[in-house]
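The values are calculated or read from the model by the stated rules, or taken from the named source; none is laboratory data. Owing to the predicted nature of the structure, the values given are computational and were not obtained by experimental measurement. Positions of Cβ are backbone-derived with ideal geometry, glycine not excepted, and every protein chain shown enters the neighbour counts.
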2 protein chains.
Amino acid sequence: MLNRPDVAVLGAGPVGLAIAWRCAQRGLRVVVHDPAPGSGASRVAAGMLAPVAEAYFGEHELTGLLTASAARWPAFAAELTAATGVDVGYRSEGTLMVGLTADDLAEARRLWAYQQGIGLPVTPLRPSALRDREPALAPRVRGGAFAATDHQVDPRRLVPALRVAAERAGAALVPAAVRALSDVDARVTVVAAGCGAAALTGLPVRPVKGQVVRLRAPGGGAPGFRHVIRGYADGEHVYLVPRVDGEVVVGATVEERSDTDVSAGAVLRLLRAAVDLLPELAEYDLLETLAGLRPGTPDNAPILGPLPGRPGVLAATGHHRHGIVLTPVTADLIADLVVTGAVDPLLAPFTPARFAPSAAAGRAAAAPSAPAGPVVAAAPSAVGPTGSAGPDAAAAGRAGPFVPEEEHTWN
Amino acid sequence: MLNRPDVAVLGAGPVGLAIAWRCAQRGLRVVVHDPAPGSGASRVAAGMLAPVAEAYFGEHELTGLLTASAARWPAFAAELTAATGVDVGYRSEGTLMVGLTADDLAEARRLWAYQQGIGLPVTPLRPSALRDREPALAPRVRGGAFAATDHQVDPRRLVPALRVAAERAGAALVPAAVRALSDVDARVTVVAAGCGAAALTGLPVRPVKGQVVRLRAPGGGAPGFRHVIRGYADGEHVYLVPRVDGEVVVGATVEERSDTDVSAGAVLRLLRAAVDLLPELAEYDLLETLAGLRPGTPDNAPILGPLPGRPGVLAATGHHRHGIVLTPVTADLIADLVVTGAVDPLLAPFTPARFAPSAAAGRAAAAPSAPAGPVVAAAPSAVGPTGSAGPDAAAAGRAGPFVPEEEHTWN
C-alpha cells in the first residue's frame with residue numbers, strides 16, 4: 001500500500017506525541033491516533049521531574065531510567081521550544097523535601113539516607129537554611145533537604161508543544177479511537193495509550209487514581225515560593241508545584257480505583273497538608289479539583305519494547321507516576337528501536353516480556369537477549385521503508401507467545 | 001401607553017420572581033427584567049428556612065419576619081408545585097444544631113438559651129438522643145439541640161419553578177439588564193436586584209461573600225443523614241444540608257468582600273468542619289465549589305417598601321442570609337403594597353426610609369405612618385390600573401427625600 005504509514009502511535013499523550021515527533025524526525029511516515037489528545041493522565045500531572053525525590057527502596061532500575069531521562073530534559077525542552085516557539089514551563093530551581101513534624105521528618109530522613117546511599121544528590125538543610133531558600137514555609141516545618149536536580153515542566157504546555165512539533169515534523173493526527181490492534185494498518189504500531197493499553201494488548205496496566213487541586217496566587221502574580229516542595233505533613237505526602245503564571249498544583253492521592261470522581265476527603269487532606277506546610281496557600285484561589293488515572297504496573301515500572309507474540313507491536317505505557325519525566329528517554333529509545341530493531345540496554349529491564357506467562361516459570365528466559373533486526377529500516381527521506389520483515393525479526397529471541405487476557409486484576 | 005406595564009420587577013431571583021408571580025395573580029401586567037435569571041445569590045444559597053437557628057441577639061424584629069415567612073412556606077411550596085408541577089425540595093425533618101467540642105457546645109448553648117428565652121421552639125437533646133436522630137454524627141460531637149420548625153427548600157429548584165409560575169400567571173421576562181431606574185417605563189418599579197440594588201437606588205446594600213461546597217453521596221443514593229445540621233466545630237460555623245437527590249450543601253463563609261473567587265482556605269475550613277461533624281462526608285464526591293454575594297445591609301435586615309423621594313419605586317432587597325426563607329412574605333406584602341398602597345405592619349420596621357439622611361436625626365420620623373393610597377388600583381382583570389397618583393401617595397408621610405449617593409461603604 002502506497003500510503004501505509006511506517007508507524008502508527010496509539011495515544012496522543014506526551015509519550016505518544018514525543019515518540020511520533022522522534023520517529024517523524026527520523027524520516028518515518030507517522031500517524032497518531034487519539035480521540036482526545038492530552039486528555040489522559042497528563043492533564044492532571046504536576047510535571048515534576050524528580051529522579052531523586054522519587055527514588056524509592058527496591059526500584060533501582062527505575063531510578064536509573066528516571067535519572068537518564070531527567071538528564072535529557074534540558075536539551076529536550078530547549079529543542080521543543082526551538083521547534084515550536086512554545087515555552088513548556090521548564091524550571092530548574094530544584095526541589096525542597098520537608099517534614100512538618102518530628103515523625104514526618106524521621107520518615108523523610110530514612111528515604112533521604114537511602115537516596116544519598118545510592119549516590120543521588122540530596123543535601124540536608126538546617127531549618128534556617130530551609131527558610132532562607134523558601135521563607136514562606138510554615139514555622140512549624142521541622143526540617144528538610146534539597147534536591148537541586150529535581151526540576152519541573154508544565155504538562156499542559158508540554159502536550160500542545162509536542163503536538164505542534166510532531167505535526168511540523170510530518171506526523172499526522174487522527175482524532176479517533178482505535179479499538180483493536182487489528183484495526184491498525186502500519187508497519188509498526190506503538191501502543192502509548194496509558195491505561196488504554198490494557199484493553200489493546202492485555203498487558204497488566206491498571207488505573208491508579210490520583211486527585212489534585214489547582215490553586216492560583218491571588219492578584220495575578222507569581223506564587224510566593226519558587227521551589228517544588230514535597231512534604232510529609234502529619235503523615236500525608238503532598239507536593240506543591242509553583243508555576244511562573246501563578247498556578248500551584250497540589251497533589252496527589254494514590255488510589256487503587258478506576259473512577260475519576262473527586263472526593264471531599266481527598267481535597268480536604270491535600271489542602272490541609274498544603275496549608276500546614278505553606279500557610280499563605282489558604283489565601284490562594286481554588287481553580288480546579290480533578291482526578292486522573294495513571295497507568296500502573298505490577299512492579300511500578302514502565303513497559304517499553306516489543307510485545308511478545310505480536311510482531312510489529314511495541315509498548316510504551318505503564319509510566320505510572322513518571323510519564324512526564326520519562327517522556328524524553330522513552331521517545332528516544334522507542335524511536336531507535338523502531339529504526340534499528342535494537343533494544344537499548346536502558347530499556348532492557350522494562351520490556352513487556354517480563355509479564356509474559358513464561359516469565360513466571362523463569363524470569364531470565366523472558367529478558368531480552370540479542371538485538372534483533374531493524375523494525376523499520378531507517379529512511380533518510382520520508383520515502384517508505386524497505387522491508388516488512390523487521391517486526392517479525394524484532395519479536396525473535398523473545399520468550400514464548402504472550403497471550404493477552406480479557407481482564408487483569410492487579411490490585 | 002397601551003402596553004405600559006403596571007409593575008416592572010428588576011431582578012429574577014426568588015424574591016423578584018415571587019413578587020412577579022403574586023402581582024400577576026392579582027391581575028396586574030408584570031414585566032421582570034434580568035439578564036441572567038437565578039444567577040445571583042440564590043444559585044449559591046443552601047435554602048435553609050431557619051427562623052429559629054438564625055435568631056440572633058439584637059435582631060428581634062428580623063426574627064419576627066423570619067418566623068412569619070417560614071410559617072407561610074408550606075402553603076407557598078404547595079401552591080407553587082400545584083401551579084407548576086415542580087417539586088421544590090421542601091423538607092420538614094427539621095434542623096439539628098450541634099457542638100463538636102465543649103467550647104463549641106458552650107457557645108451554642110448561649111444562643112439556644114436566647115432562642116428559648118424569646119419563645120422559639122428549641123429542644124436540647126442528650127448525646128444519645130442526638131445520635132438516635134442522626135447516627136452518622138461523629139462520636140466526638142458533644143451535644144446538640146433540635147429545631148423542629150427549621151425546614152429547607154432547594155433554591156435551584158425553586159427559582160425555575162417561580163419562573164414558570166410567574167410566566168403562567170402572565171408575567172413577561174425580559175432577559176436584559178436595567179442600568180437606571182429612569183430606563184424603566186412602568187407604573188410601579190420593584191427593585192429586587194439583590195446587590196445590584198445599590199447602584200440602582202443608592203440604598204446601602206453591600207455584597208457579603210459566601211463560599212460553599214456542594215457534595216454528592218457516592219453511588220447515587222440519598223445522603224446518610226436527613227436533618228439539616230448546623231454545627232460549631234472547633235470554632236467554625238458550618239451547615240450541612242442534605243437533598244433527597246443525594247446532594248449535600250456545605251456552607252458558608254461570611255466575608256466582607258465583593259469578589260466571587262473560591263479560596264483554598266475557605267474550602268479547607270468548610271470541609272474540615274463538615275468531616276469533623278459527619279465523618280462519612282469524606283467519602284462523598286466533591287461536585288462544585290462556588291461563591292456568591294449576599295445583599296447585606298447595615299442592620300442585617302432586608303429593605304422592603306417605598307423608596308423615599310422616588311414615587312412609584314419599591315425596594316425588595318437586602319435579604320442578606322435570608323432571601324429564601326423571606327421569599328413568601330416579601331412577595332405577599334410587596335404585592336399587597338402595590339395593590340393597596342398600605343405598608344403592612346410586618347414590613348414597617350424594614351422600610352427604606354430607615355436609611356434616609358433624616359433618619360439619623362430622628363429614627364421615629366422615618367418610620368411609616370398611616371397607610372397611603374394604593375400604588376396601583378387592584379385590577380381584577382389584566383386591564384390597566386386606574387390611577388397613577390398612587391406612587392406619589394405611597395411616598396407621602398415618609399421622611400424627607402432620600403438622596404441616592406454614588407457609592408456607599410458600610411463595611
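Annotations
- Residue in region B:36-51 that is among the small types (Gly, Ala, Ser) and free of Cβ contacts under 8 Å to residues at least 60 places away in the same chain present: yes
- Any hit, region A:241-249, residues being of a type in the set (Gly, Ala, Ser), touching a helix residue (DSSP H, G or I) at 6+ places or on another chain (Cβ under 9 Å) and farther than 17 Å from residue A:324 by Cβ: yes
- Matching residues, region A:214-245, being more than 19 Å from residue A:288 (Cβ to Cβ) and of a type in the set (Phe, Trp, Tyr): A:225, A:232
- When B:239, B:232 are checked against the criterion of being at pLDDT 95 or above, of a type in the set (Ser, Thr, Tyr) and closer than 19 Å to residue B:157 by Cβ, B:239 stands alone in meeting it.
- Test: residue A:84 is buried (at least 17 other Cβ atoms within 10 Å of the Cβ), at pLDDT 95 or above and within 20 Å of the chain's Cα centre (by Cα): no
- Residues within region A:218-253 that are in contact (Cβ under 8 Å) with a residue 12 or more places away in the chain and over 24 Å from the mean Cα position of the chain (by Cα), tallied: 10
- Any chance residue B:315 is touching a strand residue (DSSP E or B) at 6+ places or on another chain (Cβ under 8 Å) and either within 14 Å of chain A (Cβ to nearest Cβ) or of a type outside the set (Phe, Trp, Tyr) (or both): yes
- Test set (1) surrounded by fewer than 23 Cβ atoms within 10 Å (Cβ to Cβ); (2) within 14 Å of residue A:73 (Cα to Cα) - residue A:346 fails condition number: (2)
- Failed item in (1) hydrophobic (A, V, I, L, M, F, W, C); (2) more than 14 Å from chain B (Cβ to nearest Cβ); (3) touching a Phe, Trp or Tyr at 6+ places or on another chain (Cβ under 8 Å); (4) closer than 18 Å to residue A:39 by Cα, with residue A:228 passing the rest: (4)
Per-residue answers, yes or no, for (1) surrounded by 15 or more Cβ atoms within 10 Å (Cβ to Cβ); (2) in a strand (DSSP E or B):
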residue: B:167; (1), (2): yes, no
residue: B:170; (1), (2): yes, no
residue: B:173; (1), (2): yes, yes
residue: B:178; (1), (2): yes, no
residue: B:182; (1), (2): no, no
residue: B:200; (1), (2): yes, no
residue: B:211; (1), (2): yes, yes
residue: B:219; (1), (2): no, no
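- Hey, residue A:328 more than 14 Å from chain B (Cβ to nearest Cβ), surrounded by fewer than 19 Cβ atoms within 10 Å (Cβ to Cβ) and either in contact (Cβ under 8 Å) with a residue 60 or more places away in the chain or over 26 Å from residue A:214 (Cβ atoms) (or both) or not: no
- For region B:252-287, filtered to residues that are assigned to a strand (DSSP E or B) and crowded, with 22+ Cβ neighbours inside 10 Å, the residue that is nearest to the other protein chains (Cβ to nearest Cβ) is B:286.
- Test: residue A:241 is in a strand (DSSP E or B), among the β-branched types (Val, Ile, Thr), buried (at least 24 other Cβ atoms within 10 Å of the Cβ) and more than 10 Å from chain B (Cβ to nearest Cβ): yes
- Count of residues meeting criterion [of a type in the set (A, V, I, L, M) and more than 17 Å from residue A:54 (Cβ to Cβ)] in region A:72-117: 12
- Residue in region A:33-49 that is farther than 25 Å from residue A:252 by Cβ, crowded, with 21+ Cβ neighbours inside 10 Å and not aromatic (Phe, Trp, Tyr) present: yes
- Among the residues of region B:139-165, those identified as more than 22 Å from the chain's Cα centre (by Cα) and not in a loop (DSSP other than H, G, I, E, B) are B:143, B:144, B:145, B:146.
- Applying the criterion of at least 2 residues that are closer than 30 Å to residue B:179 by Cβ and not basic (Lys, Arg) to the helices (runs of 4 or more DSSP H) found wholly in region B:1-117 leaves B:14-25, B:41-44.
- The selection criterion, being farther than 30 Å from residue B:3 by Cβ and acidic (Asp, Glu), holds for residue B:261.
- Test for residue B:230: is it surrounded by 17 or more Cβ atoms within 10 Å (Cβ to Cβ) and under 21 Å from residue B:135 (Cβ atoms): yes
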